[in-house]
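The values are calculated or read from the model by the stated rules, or taken from the named source; none is laboratory data. Just so it is clear, the structure is predicted and the values come from calculations on it, not from any experiment. Every residue, glycine as well, gets a Cβ built from its backbone with ideal geometry; the counts of neighbours run over all protein chains shown.
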Amino acid sequence: MATAQIKSWEDPLPSGPVKDDYQPGPDSLPQEGVPQGEVFGFEFSDSKIFPGTVNNISVYVPDQYTGEKPACVYVGLDGLGYNAVHVFNNLIHKKEMPVVIGIGIAPGFVPSANGENPRFNRSFEFDGISDAFCRFLIDEIFPEVEKHKTAKGLEIKLSDDPNDRCCGGGSTGGIGSFSLAWQRPDQFRRVFSGIGTYVCMRGGDQYSVLVRKTEPKPIRIFMQDGHHDQCMGDIGDWWMENVTLKRALEYTGYDVQWVWGTGIHSGNHGTQVFPDAMRALWRDYPAPVVAMPNPNFSPFYNEIIQPDSTWTETGSAIKNPTAIFPALDNTVYCVDAETSALWKFVGDAEAENVLELPDVSEITSGVCSADGTIYLAGSFGLHKINPSTKENARLAEDLSLSDLTISNNGNIYATDATTGTLWLIKQDGTREQMAQGLAAPVGIGITPDLQWLVVMESESHFGSSFKIENDGKASLGQRFYWFHVPDFYDGLGSGRCTFDTDGRLYAATRMGVAALDRNGRTRLIMPSPLHGGQAAVDDLCFGGSDGKSLFILTEGRIFKRTLKTEGAPNFTPPKKLPPWGAG
């Protein structure tokens with residue numbers, strides 16, 4: 001009989017012939033004197049997230065459950081496999097894991113009109129790398145489970161604390177379990193992944209890259225695979241992708257344990273190690289699972305992130321913010337649609353109302369010039385406002401503008417997402433098209449040395465770089481900046497952007513704040529603090545007392561965070577950047 005052993009990275013990887021005769025141990029079998037939980041099931045076919053889909057649900061309730069408080073939760077993809085019911089009975093009895101209600105989810109299917117050839121949704125639900133399946137569980141399945149009562153007549157109460165939630169599965173269920181926690185760490189934080197399908201089914205091969213680039217999340221993972229796992233030529237190598245993901249997790253600093261064996265693509269080994277996986281995942285409970293970044297995992301992370309700084313909400317008096325932008329002396333302006341006013345953050349203080357605004361519902365963006373003049377963009381073209389005298393003038397009234405920036409010399413560069421146009425607008429009111437045919441250009445910025453113009457094409461995963469000629473014109477545009485884009489979207493998002501004094505680009509995207517190097521490569525992703533990072537970041541800028549606070553606008557709320565780097569607003573004199581190479 002093959003023996004499971006938790007490996008350390010220094011140990012040699014398994015080798016030799018196929019050996020898949022793994023047998024379950026005593027913790028995976030019924031034991032005399034151990035209280036037995038109950039299992040019941042039901043069918044669910046009323047999903048709004050997966051319309052028309054039928055899923056069979058099984059629910060395990062341990063004998064120790066009293067109904068006095070919400071219980072911890074384990075979600076099993078493809079049902080309660082791995083002899084989970086026996087394992088839970090035994091480990092809960094020995095107090096090696098908390099009282100856990102298990103919910104097994106059979107993959108869904110959509111019946112056809114004639115009852116033949118249904119649409120099987122297993123890969124769609126489990127392999128997809130979005131938060132759709134998590135929303136399906138939280139918004140639809142969990143409330144349905146709580147409508148039932150136990151055989152003892154107890155109400156079922158499921159904890160909503162992510163620290164109390166675990167999930168697991170094998171193959172496509174393995175990656176599906178990882179996705180639950182990765183996409184929504186505000187909902188799940190403990191993962192068992194057996195023979196996980198981290199191959200190119202529906203983008204799962206991206207996870208090992210995203211793990212390395214994304215600010216670490218509070219997740220604990222236990223992985224199992226065998227080096228004779230399947231290799232499908234058109235999809236990928238299961239074994240190598242599991243090792244690659246494990247290395248990425250370990251390198252980044254995640255709490256990850258793993259067991260490698262000599263087996264094939266089967267559940268035998270996973271069933272044998274499942275009790276050890278549960279012990280490892282629930283160890284030291286109820287101590288919370290926390291993010292543990294490896295301080296050496298990423299040069300960008302080390303150069304940017306203050307270890308003790310997190311996102312904090314600010315601007316509580318601002319009810320409907322639509323744009324934020326930097327002003328003189330590290331202050332930050334915010335457009336508030338509800339109060340029809342411009343608000344101002346000075347230093348680290350809360351915002352104050354400083355100016356009534358015209359056409360506030362049509363304002364898309366704003367910028368401040370070197371002399372303090374404010375320019376607001378929108379469907380009206382441009383508003384030019386002197387904040388001291390309140391004088392207001394209009395420019396380019398026949399244009400509809402999405403975003404703008406202004407150079408130290410007063411040249412305005414603006415985008416029109418509807419027509420795909422980049423404009424140069426000079427102080428005398430003359431203007432000229434610099435580029436056409438861009439994919440919904442929104443975000444726009446100027447490098448700190450004032451040599452290059454950046455235009456984000458929101459309906460693509462690119463940002464274009466343009467050379468700024470001596471006469472102010474933009475030329476030689478090319479899709480230079482490359483972004484990660486979440487599943488179910490075709491574009492990066494608004495792309496509103498800013499730079500720090502070392503020339504790094506920060507862009508507001510659907511993945512969060514993307515930090516890119518001077519060669520156009522995404523090097524770090526800082527997710528939004530909302531919905532486990534699922535909320536898009538719509539706008540951003542630097543400010544604060546020392547210019548090192550990054551302000552973001554996400555889902556109509558403003559957050560800020562202190563970084564190690566200082567912002568380089570568009571209106572400052574050109575800065576000499578540190579040496580850089582081809583890379």
(request) Could you list all residues from the stretch 342-367 that are within 31 Å of the chain's Cα centre (by Cα), part of a strand (DSSP E or B) and not basic (Lys, Arg)? (result) Leu342, Trp343, Phe345, Ile363, Thr364, Ser365, Gly366, Val367
(request) Being without any contact (Cβ under 8 Å) to a residue 24 or more places away in the chain and on the phi < 0 side of the Ramachandran plot is the filter here, so list the residues in the stretch 404-433 that pass it. (result) Thr418, Thr419, Thr421, Gln427, Asp428, Thr430, Gln433
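Within the stretch 315-329, identify whether any single residue is touching a Lys or Arg at 6+ places or on another chain (Cβ under 6 Å), of a type outside the set (Ser, Thr, Tyr) and outside any loop (DSSP other than H, G, I, E, B), and answer yes or no. Reasoning before the result, please.
First pass over the stretch 315-329, keeping only residues touching a Lys or Arg at 6+ places or on another chain (Cβ under 6 Å): none.
No, there is no match, as no residue in the stretch 315-329 is touching a Lys or Arg at 6+ places or on another chain (Cβ under 6 Å), of a type outside the set (Ser, Thr, Tyr) and outside any loop (DSSP other than H, G, I, E, B).
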(message) With the structure loaded, tell me whether Leu137 is aliphatic (A, V, I, L, M), in the same structural domain as Ala106 (by TED's automatic domain parsing) and out of contact with any Ser or Thr (no Cβ under 8 Å at 6 or more places or on another chain) or whether it fails that test.
(response) yes
(request) Please report, ordered by residue number, the helices (runs of 4 or more DSSP H) entirely within the stretch 196-308 with at least 3 residues that are aromatic (Phe, Trp, Tyr) and in the same structural domain as Tyr82 (by TED's automatic domain parsing). (result) 238-252
(message) I need the full set of residues from the stretch 30-46 which are in contact (Cβ under 8 Å) with a residue 40 or more places away in the chain, part of a loop (DSSP other than H, G, I, E, B) and either surrounded by fewer than 17 Cβ atoms within 10 Å (Cβ to Cβ) or in contact with a Gly (Cβ under 6 Å, 6 or more places away or on another chain) (or both), in order please.
(response) Pro30, Gln31, Val34, Pro35, Gln36, Asp46
(request) Take the residues in the stretch 330-341 that are in a loop (DSSP other than H, G, I, E, B) and either out of contact with any Leu (no Cβ under 6 Å at 6 or more places or on another chain) or not assigned by TED's automatic domain parsing to the domain that holds His383 (or both), then tell me which one is surrounded by the fewest Cβ atoms within 10 Å (Cβ to Cβ). (result) Glu338
(request) Output the qualifying pairs, or none if there are none: Cβ atoms under 6 angstrom, residues six or more apart or on different chains, first residue in the stretch 371-386 and on the phi > 0 side of the Ramachandran plot, second residue in a loop (DSSP other than H, G, I, E, B). (result) Gly381/Ala396; Gly381/Glu397; Gly381/Leu399
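Would you point out which residue out of Tyr489, Tyr506 is touching an Asp or Glu at 6+ places or on another chain (Cβ under 8 Å) and without any contact (Cβ under 8 Å) to a residue 60 or more places away in the chain? Write out each step before concluding.
Values: Tyr489 fails: touching an Asp or Glu at 6+ places or on another chain (Cβ under 8 Å).
Every option except Tyr506 fails the conditions.
Can you tell me which residue within the stretch 161-175, out of those that are under 20 Å from the mean Cα position of the chain (by Cα) and not β-branched (Val, Ile, Thr), is surrounded by the fewest Cβ atoms within 10 Å (Cβ to Cβ)?
Pass one, the stretch 161-175, residues under 20 Å from the mean Cα position of the chain (by Cα): 161-163, 165-167, 174-175.
Checking the rest, the ones that are also not β-branched (Val, Ile, Thr) come to 161-163, 165-167, 174.
Values: Asp161: 14, Pro162: 20, Asn163: 18, Arg165: 24, Cys166: 30, Cys167: 28, Gly174: 29.
Within the stretch 161-175, the match that is surrounded by the fewest Cβ atoms within 10 Å (Cβ to Cβ) is Asp161.
Tell me which residues, restricted to the stretch 449-462, are touching a Phe, Trp or Tyr at 6+ places or on another chain (Cβ under 6 Å) and either farther than 15 Å from Thr405 by Cα or surrounded by fewer than 24 Cβ atoms within 10 Å (Cβ to Cβ) (or both).
We begin by selecting, within the stretch 449-462, every residue touching a Phe, Trp or Tyr at 6+ places or on another chain (Cβ under 6 Å); these are 453, 461.
Within the stretch 449-462, just His461 meets the criteria.
So is Phe136 assigned to a helix (DSSP H, G or I) and in contact with a Gly (Cβ under 6 Å, 6 or more places away or on another chain) or not? I'd like the intermediate steps shown before the answer.
Values: assigned to a helix (DSSP H, G or I): yes; in contact with a Gly (Cβ under 6 Å, 6 or more places away or on another chain): no.
In short, no.
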(request) Return yes when Ala181 is assigned by TED's automatic domain parsing to the domain that holds Gly270, assigned to a loop (DSSP other than H, G, I, E, B) and in contact with a strand residue (DSSP E or B) (Cβ under 7 Å, 6 or more places away or on another chain) and no when it is not. (result) no
(message) Quick check on Ser266: is it at pLDDT 95 or above and within 22 Å of Leu137 (Cβ to Cβ)?
(response) no
(request) Could you pull out every one of the strands (runs of 3 or more DSSP E) wholly within the stretch 484-583 that has 3 or more residues that are closer than 24 Å to Thr373 by Cβ and in contact with a Leu (Cβ under 9 Å, 6 or more places away or on another chain)? (result) 497-499, 539-543, 549-554
(request) Quick one: count up the residues across the stretch 383-428 that are assigned to a loop (DSSP other than H, G, I, E, B), in contact with a Lys or Arg (Cβ under 9 Å, 6 or more places away or on another chain), over 18 Å from Ala370 (Cα atoms) and at pLDDT below 95. (result) 1
(request) For Gly347, state whether it is of a type in the set (Gly, Ala, Ser) and within 24 Å of Lys426 (Cα to Cα). (result) no
